[in-house]
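Here's the structure we're looking at; comments come further down.
The values are calculated or read from the model by the stated rules, or taken from the named source; none is laboratory data. These numbers were taken from a predicted model, which means no experiment stands behind them. Note that we place each Cβ from the backbone using ideal geometry, even for glycine, and neighbour counts take in every protein chain shown. Only protein heavy atoms, including side chains, enter the accessible area calculation; ligands, DNA and RNA are left aside. Shrake-Rupley method; radii C 1.70, N 1.55, O 1.52, S 1.80 Å.
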Amino acid sequence: MLRSFTILAFVSGALLTSCKSSDSPFYEYMPDMYRSAAIEPYVDYGEVRERYDENRANTISAKVPPFGSIPFFGTDKEEVLMMMPYHRKPALGMDLTHNHYGAVLAADYDSEYLASANDKNPIKLTEANAEDVINYGKSVYAKQCQHCHGEAGDGKGPMVESGAYSGVPNYASLMIAEGQMFYSIYYGKGLMGAHGNTVSKKEIWAIIHYIKRLQDENYGKFGAAAVVAEETVEVEAAQ
Ligand code: HEC
């Protein structure tokens, strides 16, 4: 008798505390263990513990961060600073051609690109770090750029060789300043899409060191045989 009463009490207790959700056909025991009271990403808050909210049904709770949010992390000051937003604006019209929807655009087509010629690579090469930085740039380049630009940077990547794509320049004859390379890689240019969302600023600057090594095998080399390629490129660009 006592035993069956205990079982009955347990069963009725379980039925009373369970609730039914329209999404789950069976009874939900311990709903607060399934549905957190705290807001969680990717949870539908249209129904929480039988409280219905039409306005929140079928919406995701993880919202797009506000425009201008900076995803910075880490404790290395140099790295964190490099995560700050790029200070240049995309050119007029780039919202339609290069996916910069909603961005604050420059007032014209070329002033920001031209001004970017003065921007310098914040990653300074030293005898100690040069090979590491250039190899780092090379590894990102191999994943993000090589299929168009080619392993040797001659503009003959597999995409181009297949005939699917054209108009990729040969770096050997690309005489633009490093700041302009950054601008074009970040925002895109002509048939090249923007890469600011796929590669970080730090990665772009490292790739630029690698591109300069492709342009001049002595770039980033120290010692008697080394030629400071950066100066060579800038002198040529100025002519
Ligand atoms: C889908 C093919 C494609 C990919 C991927 C691509 N590029 Fe390009 N890139 C081009 C084309 C095409 C141009 C020529 C754009 C123009 O001048 O109209 C170009 C131009 C450039 C230029 C010269 C920009 C200038 O201002 O003249 C640089 C530097 C460059 N790319 C670097 C990169 C880097 C670094 C990556 C990888 C992060 C990359 N590209 C990925 C196709 C591509």
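Here is how the numbers come out for the structure above:
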| read-out | value |
| --- | --- |
| Heavy atoms of residue 48: accessible area, 1.4 Å probe, square angstrom to 10 | 30 |
| Accessible surface of residue 94 - all protein chains present, 1.4 Å probe, nearest 10 Å² | 20 |
| Karplus (6.51, -1.76, 1.60) ³J(HN,Hα), θ = phi - 60°, over region 96-108, in Hz, Gly and Pro reported as x | 8, 9, 10, 6, 8, 4, x, 6, 7, 8, 5, 6, 9 |
| Rounded accessible area of residue 56 (nearest 10 Å², 1.4 Å probe) | 100 |
| Other-chain or far-sequence residues with amide H under 5 Å of residue 91's (modelled H) | 106 |
| 1.4 Å probe accessible area per residue over region 117-179, in Å² | 55 |
| Accessible area per residue, Å², region 35-110 with all protein chains present, probe 1.4 Å | 78 |
| Stretch gain in nm, segment residue 128-residue 50, where the contour uses 0.36 nm per residue and the Cα spacing is subtracted | 21.8 nm |
| Estimated FRET transfer efficiency (residue 165, residue 92; beta-carbon r; R0 22 Å; 0.05) | 0.30 |
| 9 Å beta-carbon shell around residue 88, net charge (K/R +1, D/E -1) | -1 |
| Residue-span extension gain [residue 80 to residue 38] - 0.36 nm each, minus C-alpha spacing | 12.1 nm |
| Among 143-150, 75-82, the order from most to least packed when residues are scored by Cβ within 10 Å on average | 143-150, 75-82 |
| Proximal lysines to residue 124, defined as alpha-carbon separation beneath 28 angstrom and excluding residues fewer than eight positions away on the same chain | 77, 89, 138, 143, 189, 201, 202, 212, 221 |
| Whole-percent carbon and sulfur share, accessible surface of region 77-238, 1.4 Å | 56 |
